[in-house]
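Some notes on the structure that comes next.
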Amino acid sequence: MREVLRQFPVTGELQSCEPIGAGHIHKTYLVETDAGSRYIFQQLNRRVFPDVDKVMENLTRIGAFLDAEHRAVPMIRYLETSQGRKLYDDGLGGTWRAYPFVPNSICVRKAETLDDLYQAALAFGGFLHGLRGFPAEQLQESIPDFHNTPTRFRQFRDALGRDSAHRRAEVEREISFALEREGRACALHRMREQGSLPVRVTHNDAKLSNVLLDASSRKALCVIDLDTVMPGLAAFDFGDLVRSGGAAAAEDEPDLTRIGLDPERLRAIVRGFSSGCPDLTEAERGSLTLGAYTMTLECGLRFLTDYLDGDRYFAVEREKQNLDRARSQFALAADMERRWETMTRIVNEIDG
């Protein structure tokens, strides 16, 4: 880490380096120096993001757009190495980037109040609104077909055929659950292909832990982890927020009786997202309920696919964690089916 630090314009010498966050993909560290300066260093996962230069090019483009349009959308700005690059290859297979720690900021995994959810939704809605007018087609797909649900089902079927970890026999019920809902889950993608929904610059991994909150006021400071910023639909980010924050239970909760959509949590997300992005079209508003359902089922499908493949994509801390994640997402999707009219009514409060 000392060698990595020397590549970036940090103040002082390394004093401490501690893992921070609980992301599934990158390794993130809080670094403190003897000068009292604090930085965030990330070692990027090249297996998930094989073209990290493409990722950083996207961030440079949207940053330049926000600056040119004088739009007050806070955004992490990465430090440049002594070679004038945003990334450093340590020669040992590690690719690093860094940015100054945002003072008095916190990152939380679980909402402690409804206002935490409101603030996260406000931040993600504001991010979409701030990038209105940006030609989304100029962005490169850092993960091709990331929210292409039909492709996710093809990948799922491929994993079923491989059964490389010999786990298929124990998840036949989950397999049936997913395949029975394929048509409904792919409806949002069809709407995008038909051009009935506007394509925007979207975050594509919208969850509470990807928003920095002020430690004192709990107000949103900025959206972080922008690696998946790509062309997408407003329903993707709204849906991911509902998927990740709409239920009180943890994403990997093994007790499925504890999993269900909380209408008040949904209402907080609706209020925040619509306030942050007031230019949602009528078609976009009409797609939000479907977006929540689609993102939930799609995420469960991805967890189950990874479980079948032997836990190669998502980081796991215990045996069968990906299976528990898949089951919890499917349980939440099933509850959304039961609450569809309630969800739609709450989403329609945007107009009120």
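What whole-number distance in Å separates the alpha-carbon centres of the range 220-249 and the range 257-282?
With the range 220-249 and the range 257-282 each reduced to a Cα centre, they are spaced 11 Å.
Scan the range 1-92 for trypsin sites (Lys or Arg not before Pro) in coil per DSSP, keeping those whose Cβ has at most 16 other Cβ atoms within 10 Å, and list them by number.
ARG6, ARG46, ARG47, ARG71, ARG77, ARG85
Loop only per DSSP, at most 12 neighbouring Cβ atoms within 10 Å: give me the GluC sites (Glu not before Pro) in the range 1-49, ordered by residue number.
GLU13
Given points 7 Å out from each Cα along the Cα-Cβ axis, report the ALA283 to ASN348 separation in nanometres with one decimal.
Calculated label separation equals 2.1 nm.
So how strong a dipole does the range 2-101 carry about its Cα centre when Lys and Arg Cβ are +1 and Asp and Glu Cβ are -1, to the nearest 20 debye?
About 240 debye.
Take the alpha carbon atoms of the range 112-147, find their center, do the same for the range 3-38, and report the distance between the two centers in whole angstrom.
That distance is 27 Å.
Gain in length, SER275 to ARG312, computed as 0.36 nm per residue apart minus the alpha-carbon separation, to one decimal in nm?
9.5 nm
If you place +1 on the Cβ of every Lys and Arg and -1 on the Cβ of every Asp and Glu, how big does the dipole about the Cα centre of the range 114-351 come out, in debye to the nearest 20?
Dipole about the Cα centre, nearest 20: 300 debye.
What FRET efficiency comes out for the pair GLU337/ALA35, r = Cβ-Cβ distance, R0 = 35 Å, nearest 0.05?
Taking R0 as 35 Å, the efficiency between GLU337 and ALA35 is 0.05.
How much of the DSSP bridge set in the chain is antiparallel, in percent, rounded to the nearest 5?
Around 95 percent of the beta bridges assigned by DSSP in the chain are antiparallel ones.
Among CYS17, CYS299, CYS107, what is the fewest-to-most ranking by other Cβ atoms within 10 Å?
Going from sparsest to densest Cβ surroundings: CYS17, CYS107, CYS299.
Find out how many positive minus negative residues lie around VAL316, taking Lys and Arg as positive, Asp and Glu as negative, among other residues whose Cβ is under 11 Å from that of VAL316.
-2
State, as an integer percentage, the relative contact order of the chain based on alpha-carbon contacts under 8 Å between residues 6 or more apart.
Value for the chain: 20 percent.
Can you give me the pair-distance distribution of the range 154-308, C-alpha pairs, 5 Å bins, whole percents?
1, 8, 15, 19, 19, 16, 11, 6, 3, 1, 0
Answer rounded, prolate or oblate for the range 42-158, using the Cα gyration tensor with square roots of eigenvalues a ≥ b ≥ c: rounded when a/c is under 1.5, else prolate when a/b is larger than b/c, else oblate.
Since a/c stays below 1.5, the shape of the range 42-158 is classed as rounded.
Using the charge dipole of the chain (Lys, Arg: +1 at Cβ; Asp, Glu: -1 at Cβ; taken about the Cα centre), state which of HIS189, PRO263, ALA334 has its Cα farthest towards the positive end.
HIS189
In the neighborhood of MET56, defined by Cβ-to-Cβ distances under 15 Å, what is the net charge if each Lys or Arg adds +1 and each Asp or Glu adds -1?
Net charge around MET56: -1.
A short reminder: the numbers here are calculations on the coordinates, not readings from a lab. Since this is a predicted model, take the numbers as computed values, not measurements. Glycine gets a Cβ as well: all are built from the backbone with ideal geometry, and neighbour counts include every protein chain shown.
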